[in-house]
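These notes concern the structure reproduced below.
The values are calculated or read from the model by the stated rules, or taken from the named source; none is laboratory data. These numbers were taken from a predicted model, which means no experiment stands behind them. Quick reminder, even Gly has a Cβ in these numbers, built from the backbone with ideal geometry, and neighbours come from all protein chains shown.
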Amino acid sequence: MMSRWLNIPPVWLALALVIAYFQARYFHFGLSLSHPITNMLAGLSIGAGGVLMALAVIEMRRHRTTVIPHREADHLVTTGVFKWTRNPIYLGDTLVLLGFILHWDAVLSLAILPIFIMAIDYGFIVPEEDRLRRKFRSDFERYMRDTRRWI
């Protein structure tokens, strides 16, 4: 049971953030993307990611369904930010990670982004979509057809 709670997206995000922070602090190798535009993009990315996650949680609460990845959804949420992406919380996580990588100037940690996306995709999204497909059948198939997984 404890391993199930450790295997949640915020833990994966925290791990990726710790790796990026230590890479920037101790293994930067003189590489830098530091620039006022990069700093602005970092702030925008972190802010957009946080807002996207908050809007998704609010929408899921409004529909009285769980935000916890390993639990069965009570309702298929297709409104609000879920109109644009089937996974606004995971997209938000990715934007937050990108923002902190840019903020910390952790150039080498940019390589973490595709690894993080694949881990989230295969570890959480695919199993979640399988559960939603079994429970909501044609409604979920229609939603998948009309709404992209990420953006």
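For A24, state whether it is part of a helix (DSSP H, G or I), more than 20 Å from E129 (Cα to Cα) and touching an Asp or Glu at 6+ places or on another chain (Cβ under 9 Å). Yes. I'd like to check something: does region 76-91 contain any residue that is without any contact (Cβ under 8 Å) to a residue 60 or more places away in the chain, more than 17 Å from E128 (Cβ to Cβ), in contact with a helix residue (DSSP H, G or I) (Cβ under 9 Å, 6 or more places away or on another chain) and exposed (fewer than 14 other Cβ atoms within 10 Å of the Cβ)? Looking for residues that are without any contact (Cβ under 8 Å) to a residue 60 or more places away in the chain, more than 17 Å from E128 (Cβ to Cβ), in contact with a helix residue (DSSP H, G or I) (Cβ under 9 Å, 6 or more places away or on another chain) and exposed (fewer than 14 other Cβ atoms within 10 Å of the Cβ), one finds at least one in region 76-91, hence yes. Select from region 76-122 the residues that are hydrophobic (A, V, I, L, M, F, W, C), under 20 Å from E59 (Cα atoms) and under 16 Å from the mean Cα position of the chain (by Cα) and list them in ascending order. Within region 76-122, V81, F82, W84, I89, L91, L95, V96 meet the criteria.
Checking region 125-143 against the condition returns a match, with at least one residue being without any contact (Cβ under 8 Å) to a residue 12 or more places away in the chain, aliphatic (A, V, I, L, M) and either part of a helix (DSSP H, G or I) or crowded, with 16+ Cβ neighbours inside 10 Å (or both). All conditions but one from (1) farther than 21 Å from E141 by Cβ; (2) modelled with pLDDT of 95 or more; (3) over 17 Å from the mean Cα position of the chain (by Cα) apply to G50; the one that does not is (3).
Within region 32-51, being over 17 Å from S109 (Cα atoms), in contact with an Asp or Glu (Cβ under 9 Å, 6 or more places away or on another chain) and either without any contact (Cβ under 8 Å) to a residue 12 or more places away in the chain or among the hydrophobic types (A, V, I, L, M, F, W, C) (or both) holds for no residue.
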